[in-house]
Structures are given as C-alpha cells and as structure tokens.
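Each value in this text was obtained by applying a stated rule to the coordinates, not by laboratory testing. Since we're looking at a predicted model, the values are computed, not measured. A quick note on method: Cβ atoms are made from the backbone with ideal geometry, for glycine too, and the neighbour counts reach across all protein chains shown.
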Ligand code: ADP
Ligand code: GLC
C-alpha cells in the first residue's frame, strides 16, 4: 500500500489557473507521485476543469451539500495525476474567473461553494465515497481552509492535516451567518476558533485547526509573523509558530525550459543564446514594436494588482521611457480594471515603444519570458514568486522587490559596476516609483556591458529551483502528520535521511 495524500485546492494547471497556486498544485502532485506517494488533487468542477480532465467517472454523490454535489474522478490531461472534481450547481456556472464576475465583484456564494469543497474532502476522509481514504489532507489557501475544522467537527481520526498558505492577503472572510449552514459547530464560531472581527474566516479556520501550517518560502514565513506582512493574522500565526514550516515552491523545469519549450520561436540554452535573439524579435513583433535587436526590452507579466505594484509601475515606466530613449516595454497581464486601463493608455501614449496585451495568455507568457531582456516584477509582498524564476530560466534578468520568496531565490547584482559573482538579478527596496526607476537604471547600466550581462544571465539560467528538495520536505511533514500505523508508508527509499520536516522556528 502507498501513502495517500489528498491535495485540496481551488486551481491546478491545466484545468484552471489564475496565478502561481495552479502551477504549484499540479507540479507538487506530480513530484510526489514520482516519489511513490499516491497524491491526488480535489478541486471544484468548474466547467473548464470538467471539459479538460480525462476519464472522469462517478465517485459518489454528496446529497447533503447545498444544491447537492457529485464527485467525479479522473486525471490531468496527459499526466499521471489523479484529479477529483466536485460538481455542484454553483461551480457549474463559473465559466471565467473562478472567484469574481466580469465586473471584478466577488461571487456572492463563494462561502457556500468553498465550504462545499471542504465538505467533499471530509466525505472522502470519512470513506463516504468510492475513493480511498487519504492518510494526510493537504489544504491550500483559504479556499480549502475549512477542511481541518470540519474534519475535527466530524470527529474523523487518523487523517493528518496540513494547511499551506500561498497568500495571506486572501482570507475568505464572510458573514458569520453562513457558519451554521456550513456545519461549523457553535464552539468553533468564537475568537478562539474561526471568528475574525465578527466574521467567519476560512483562512483563520485553517490556521487554527490544521495540525501543521506551512508557507512557500522561508523569508515569507518570517514576514507573516510581523504586523507589516501579517494581514491581521500575525498574532494567530505567532501562537502556532512551532507548527509553522517553510517549504519553498519548486519550478516545473520541463514546462519552463528554453531548450525544449514548444511555445517559443526558437529554443536556446546558456551555451548558445542565438535562439534568444530570435525570440526577442518575435516578442517585439507580437507586441507591435520595431524589431530592434539593440533595444533593451523590459517585460512585465503578472496580475495587475496592488500586490504586484501595478500602480508604482504606471508612474515609474514613463520616467524610464523618457530616460532611456531606446528602451521598449512589453506588458502582459490582467487584474484591476483601473490598472488595465492605465497600461493600455501607456501603450497608446508611447506607441511603438510600449506593447500591451490585457488578458491571460499562456503562450504569450512563454514568449515574454523567452524574448525579453529583463522582467520588472515589483511586489509589496511576495510569498514565493514563480514568475521571476520562470524568466531566469530564459536568461531574462529579474528586477524585483526585496521581499518574501524573492529574497530567498534571487541574488542581487549589487551597487558597484561589477556584479557579485553569484548575481542573478537586481533587487530593490520600497514601493516609491523612484525605487523602481533606480533599479531599472541599474539593470540598464549592466545591460550595456555584454560580458557582465551574460555572466548574470548564466547564473540566472543555472539557478536550481526544481521540486527535488521541497518535495522531500513535504513528505517529511506528511510523515510527521500521519497516524502511527501509516507513518512507515512515508519512509521512501529515495528520501535522503538528512531531510527533516523543516520547522520555521521553534518556540
Ligand atoms: P501570483 O501567484 O501571486 O500571481 P506567481 O509569480 O507565483 O504570482 O505566479 C503567477 C503565475 O501566473 C505564473 O505562472 C505567471 O506566468 C502566470 N500569469 C500571471 N498573469 C498571467 C497572464 N496574464 N498570462 C499568462 N500567465 C500569467
Ligand atoms: C501566491 C503568491 C505567490 C506564490 C504563489 C504560489 O499566489 O502570491 O508569491 O508564488 O501563490 O505559491
């Protein structure tokens, strides 16, 4: 018998994705399976997920959910990753963004929908479906935050629970009136339980009731214990710090590989960068810019939000474009409508120098990472930050905020003319437009020295952020959470003996 882990999340590529969570869920499941763990993903049966998953079969009815629910079990397309989809009338209607409508307003029934997802996990753990009961449930972000509380309320023993926080800013806080309908017992509706400033908080429920908590980088694990980055949960997290683990994310090195990427114009590698010039020309053309091989191309590719400093970039970029007359900017993203309009206006104003695509587009994302010279990635906070790591794989140098996971993954070139030996990017502090502009200037200064630039590119391309190490750390945590009789199942031969559950800090 293999160790079984049920990963509960709202997104997973290629079924549904709005951000890095979706990348992490699928590649974690795949990496666990490669190590012999029987990992499966439970997620909402959004219409695109139902359409893309393969071999779906009935896995049980859940008549007690509001409106009724049904589980369908199948696989990720073309991959050995089992996926279980919860089909409910409400999820059936979510054709676009899974959380908000076209106007950007949160769906009114989110609490009930994601509460239903947690109940589905409980039903699986209780053996009320045709699916095998997991030894550990790995809940991710607020969407799965109720799982540990509802398992406890149902008195289910023998299933360890881990909550991974990918982003503390999203908490799933809803009127407490929902609690009864969601099956949260009265004793859990208190400040010691799931209550957060009078509301029912899915994330707080997870933090409070999961056996263990983890987050996706070591630096973010430290930051979330402080008022500045704690989003009001720092006290609660500090109280649980002995159960808090820091396990960095991995990068899917096969999807993001310039040597094999089928989505880019010409493959390349550190020893032969000629393909990158072809990709640059393609990118310039794709974004309606002159194919000038000497123009430094600065790319932005992320959610257009306050977290990602979209507001700061909107002020800094005109300054950069004025200061560096040859620079070009390509922008790919979607998010807050005001920022989207701002970037569209920027492209209009700097026509022929700024190209913008508002929308979500996987192919364009690959073209952007492959073809740009630099990636501008401001963040007010960044739990991990996959995007700069993707760009680094393609020798595109990140200019990023010195926060969270960025601190752990990018080595700043330093202020002097010669970049430090390990430099893989440019980091900056602060969220003033001048902080961002100064960082871009440093990058441009480096760019004009090809041998120094290439040295930084080589470091960036060689940086190893694969899943190799983190997946072993997850298995060590799962092992610690499994019941006594199941623990040995997590003792896998490929795990090196020195990998332990990495506690962020002991009390
Ligand atoms: P976050 O999860 O906070 O958005 P990450 O950098 O960890 O930040 O992950 C973002 C993921 O979403 C990356 O895979 C990135 O390529 C992708 N992404 C973001 N915006 C877009 C877009 N407009 N088109 C395509 N991919 C996008
Ligand atoms: C979140 C974070 C991002 C992280 C991703 C995957 O959305 O904002 O930093 O990389 O989750 O963990």
Helical mean residue ellipticity (222 nm; -39500 (n - 2.57) per DSSP H run of 4+; nearest 500) of the chain: -10500 deg cm²/dmol
Rounded if a/c under 1.5, otherwise prolate or oblate - segment 274-462, Cα gyration tensor axes: rounded
Packing-based ranking, highest mean first, of 208-219, 175-186 given that Cβ atoms within 10 Å are counted: 208-219, 175-186
Two-site FRET efficiency, residue 75 against residue 154, from Cβ-Cβ distance with R₀ of 25 Å, rounded to 0.05: 0.30
C-alpha long axis of helix 337-349 to longest principal axis of the chain, angle in °: 10
Burial ranking of peptide ranges 56-68, 239-251 (average Cβ count within 10 Å, highest at the top): 239-251, 56-68
Sites residue 422 and residue 106, calculated FRET efficiency, Cβ-Cβ separation with R0 35 Å, nearest 0.05: 0.25
Helix axis angle, 468-481 relative to the chain longest principal axis, alpha carbon, degrees: 20
Inter-centroid distance (Cα atoms) of segment 113-157 relative to segment 222-275, Å: 26
Highest-first arrangement of 483-491, 365-373, 262-270, 12-20, where packing means the average Cβ count within 10 Å: 365-373, 12-20, 262-270, 483-491
Length-normalised contact order of the chain in % [C-alpha pairs under 8 Å, at least 6 apart]: 13
Spin-label model distance (nm) - residue 341 vs residue 257, 7 Å beyond Cα toward Cβ: 4.5
Semi-axis lengths (Å, descending) of the ellipsoid that matches the C-alpha gyration tensor of segment 321-364: 20, 13, 7
Gain on full stretching of the segment that runs from residue 432 to residue 197 - 0.36 nm per residue minus C-alpha separation: 81.5 nm
Added length on full extension, which subtracts the Cα-Cα distance from 0.36 nm per residue, residue 52 to residue 361: 109.5 nm
Gap separating the Cα centres of segment 277-304 and segment 176-210, nearest whole Å: 48
Distance between segment 373-432 and segment 458-480 - C-alpha centres, whole angstrom: 19
